[in-house]
Structures are given as C-alpha cells and as structure tokens.
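I'd like to ask you about the structure that follows.
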Amino acid sequence: MRIVCLVGQKGGVGKTTTTMNLAAVMSKHSRVLVVDVDPQKSTTWWAENAGDNLPFDFAADVDPGNLARLRELPYDTIFVDTPGSLEDTRVLAAVLDASDFVILPLNPEPLNTPAMVRTIKQHIAPRNLPFRVLLSKIDRRRAGQLDDWEHLIDEGLKLPRFRQYVRLYAAHADAPLEGRVVTQYADTRQNANAIFDYTHVAMELMAIWSNEVPKEGPANGKS
Ligand SMILES: Nc1ncnc2c1ncn2[C@@H]1O[C@H](COP(=O)(O)OP(=O)(O)OP(=O)(O)O)[C@@H](O)[C@H]1O
Ligand SMILES: [Mg+2]
C-alpha cells in the first residue's frame, strides 16, 4: 500500500485533475482510494458529478490527522488531494507525515517555481520522501515551452521529474463538470493525447515504484 499526495502551494496547478486521473488509470489494475482533505472540496464536487461512474473509491472531508489510519484499509494506492493554499502548514505536515510519495504538478509559469522549491526544501526533503515534479498544462502550441521547462527542472533546479508531461486540453478542463475521468473520455482523435498523457504518467509512477529499493519495516518508517 502506498499513500501518494499531490502538493502545490500555488492554486490551480492541476493537483485535483492529476489526482482524479491517475486514480482512474491505476484503478484499472489495482484498488484505489482518493481522499479529499481540501476544504474547498473540488475533488468531492467532481466525484459527486460522477456519481456511480467513478472507477475508484472516494472519501471526502478527511481530517489530515487521520490519514495514517487509512493504511489499515484494503487499498493498493491512496491518493490524497491537498488544498492549493497551505498557509497553515500543519495540514501539509500531517499529509506528508502519512505519505510515501509526493507529486508536485508545476505549470510553465515562472512565478510558480519559487513556492514549489520552498515546499520541497522546507517540508519534503527533510522527511526524505521520494517525489517527482510533474510538468502540467503544457501548451503544445507554444514552441520551445516544454524544452525550456524540462531544462529548467533538470539543469537549473536539479529536481527529479516525470519524463511524461501533461498537456493542456479542453477535455481536462471540462471533465469535472461532466464528472468524467480520463479512462472515460470518448476515444476520439482529439482526446487521444489527453488520455495518453495521464496513462503514461501512471505507468511511470508504477515503474518508479517497481525500481524502488524496499525499505525495512513499514513504509516510510511509520506503521
Ligand atoms: N492539463 C490540463 N488541461 C486543461 N485544463 C486543465 C488541465 N489541468 C487542470 N486544468 C484545469 O485547470 C484548473 C485548475 O486545475 P485543478 O483544479 O486540477 O488544480 P488544483 O491544483 O487542484 O487547484 P487548487 O489549488 O485550487 O485545488 C481547473 O479548471 C482544471 O479543469
Ligand atoms: Mg484542487
């Protein structure tokens, strides 16, 4: 069992979108729970729009202090979606303490970067938690954008990132209202890339885990 949290103190980077879509892809082969600890409850709203069609289990309004207890539940992966503004770092601390892996979505907007780097330095690195930056909302019409940002993360910031990135597509923006996740998108030529991106991020995540050196004792040193 792994608990994965989606973190980004800048709002709107794609935490909720990534949570829902990675959970959908991974639920094809394993037991997945999504947990919403965001008082804004956008994940919950999305899940309500999906109703019975959601391909994974969902728990709304979970107190971050109770996350560790989720480990006892029969799931392979639990995704925890966190609030955009984490001025109250107690929520962030509680989520990270319970997590085994952190995903940090990053948009190609320079002002987003310092907050992410600070979060990594102050909260993630000291806990020795494995993490990856996920480039998301990449605009494929802007020549050079992807290359520039990959270079910035690799050479400038020297942070680990997913090789796969998530492009900007209307299908993702429409999905919460439609209550749809990526595995349910109409299989049109237009949607093929949107489906591809999250499918490949999920595959990369599983590959990262399968290469991990097993830790001694309970995951992340906690029971
Ligand atoms: N790849 C994408 N392509 C198009 N739209 C996207 C994409 N990813 C996210 N969005 C849209 O951008 C907005 C913000 O995304 P999302 O809600 O996932 O971010 P968030 O980090 O969870 O935000 P918050 O910090 O407010 O919780 C939403 O309207 C969402 O539909
Ligand atoms: Mg959100």
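The values are calculated or read from the model by the stated rules, or taken from the named source; none is laboratory data. Model, not experiment: these values are computed from the prediction. Glycine also receives a Cβ, built like all others from the backbone with ideal geometry; neighbour counts cover every protein chain displayed. Please note that ligands, DNA and RNA were not included when accessible areas were found on the heavy atoms of the full protein model with its side chains. Shrake-Rupley method; radii C 1.70, N 1.55, O 1.52, S 1.80 Å.
Pick from the range 24-48 the residues that are farther than 17 Å from A173 by Cα and of a type in the set (A, V, I, L, M): which of them is surrounded by the most Cβ atoms within 10 Å (Cβ to Cβ)? Write out each step before concluding.
Of the range 24-48, the ones farther than 17 Å from A173 by Cα are 25-40.
If we keep only those that are of a type in the set (A, V, I, L, M) too, we end up with 25-26, 32-35, 37.
On the way: V25: 23, M26: 22, V32: 22, L33: 22, V34: 28, V35: 26, V37: 24.
Taking the candidates together, the pick is V34.
Moving on. Within the range 114-163, work out how many residues are among the hydrophobic types (A, V, I, L, M, F, W, C), part of a loop (DSSP other than H, G, I, E, B) and within 16 Å of the chain's Cα centre (by Cα). Lay out the reasoning, then the answer.
Going residue by residue through the range 114-163, those that are among the hydrophobic types (A, V, I, L, M, F, W, C) are 115-117, 120, 124-125, 129, 131, 133-135, 138, 143, 146, 149, 152-153, 157, 159, 162.
Next, from what is left, pick out any that are part of a loop (DSSP other than H, G, I, E, B): 129, 143, 159, 162.
Add one more test, that the residue is within 16 Å of the chain's Cα centre (by Cα), and what stays is 129, 162.
Matching residues across the range 114-163 total 2.
Within the range 1-19, count every residue that is within 12 Å of ligand 2 (Cβ to nearest atom), of a type in the set (K, R) and either surrounded by fewer than 24 Cβ atoms within 10 Å (Cβ to Cβ) or outside any helix (DSSP H, G or I) (or both).
Residues flagged as within 12 Å of ligand 2 (Cβ to nearest atom), of a type in the set (K, R) and either surrounded by fewer than 24 Cβ atoms within 10 Å (Cβ to Cβ) or outside any helix (DSSP H, G or I) (or both) within the range 1-19 amount to 1.
Going through D63, D88, D100 one at a time, which residue ends up being away from ligand 1 (no atom under 16 Å from the Cβ) and open to solvent by 30 Å² or more (accessible area, probe 1.4 Å)? Spell out how you get there, then give the answer.
Details: D88 fails: away from ligand 1 (no atom under 16 Å from the Cβ); D100 fails: open to solvent by 30 Å² or more (accessible area, probe 1.4 Å).
Of the residues listed, the single one that is away from ligand 1 (no atom under 16 Å from the Cβ) and open to solvent by 30 Å² or more (accessible area, probe 1.4 Å) is D63.
Results for (1) among the small types (G, A, S); (2) closer than 30 Å to R118 by Cα; (3) in contact with a helix residue (DSSP H, G or I) (Cβ under 9 Å, 6 or more places away or on another chain), shown as yes or no for each residue.
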position	(1), (2), (3)
M1	no, yes, yes
M26	no, yes, yes
L33	no, yes, yes
A47	yes, no, yes
A59	yes, yes, yes
A68	yes, yes, yes
T77	no, yes, yes
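Another question about this same structure. What are the residues in the range 9-46 that are without any contact (Cβ under 8 Å) to a residue 60 or more places away in the chain, within 15 Å of ligand 1 (Cβ to nearest atom) and either in contact with a Leu (Cβ under 7 Å, 6 or more places away or on another chain) or more than 16 Å from V182 (Cβ to Cβ) (or both), if any?
V35, D36, V37, D38, P39, Q40, K41, T44, listed by residue number.
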